[in-house]
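The values are calculated or read from the model by the stated rules, or taken from the named source; none is laboratory data. Here the structure is a predicted model, which is why all the values come from computation and not from measurement. Here the Cβ positions follow ideal geometry from the backbone for every residue, glycine too, while neighbour counts run over all protein chains shown.
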């Protein structure tokens, strides 16, 4: 930072980044809402890296969406947009008492949230 013309630019960028961080966090330094949406045409495993993962299945053949390891309050939405069948696999955890759930009709949507014991459907 030896160049005096650069110093104001760096100070401005530091203030901007600080203000942006405040806008994105709840004051604890943790981003309060992160949503990830992906479109798939083949088998897929959700990542578990986001507060809410949205999977749009635009497949023409049957596929399986495997959920990440169960954690409380995890949210995954699966939409069957294509003509191929979609099976949701609980990955060792149950989904409303079953190991898998079928999405029988095109445009079906399953909104799942993790509880302490299993994946549950939410409205």
(Q) Looking at the range 61-79 only, could you name the residues that are surrounded by 15 or more Cβ atoms within 10 Å (Cβ to Cβ) and either outside the structural domain of residue 47 (by TED's automatic domain parsing) or farther than 23 Å from residue 104 by Cβ (or both)? (A) 68, 70, 74
Q) Here are some conditions: (1) at pLDDT below 95; (2) part of a loop (DSSP other than H, G, I, E, B). Residue 83 meets all but one. Which one does it not meet? A) (1)
Q. For the range 90-119, which residues satisfy the criterion of being part of a strand (DSSP E or B) and under 16 Å from the mean Cα position of the chain (by Cα)?
A. 109, 110, 111, 112, 113, 114, 119
Q.
Looking only at residues that are farther than 19 Å from residue 38 by Cβ and modelled with pLDDT of 95 or more in the range 102-114, which one is surrounded by the fewest Cβ atoms within 10 Å (Cβ to Cβ)?
A. 105
Q: Assess whether residue 98 counts as being free of Cβ contacts under 8 Å to residues at least 60 places away in the same chain and more than 15 Å from residue 39 (Cβ to Cβ).
A: yes
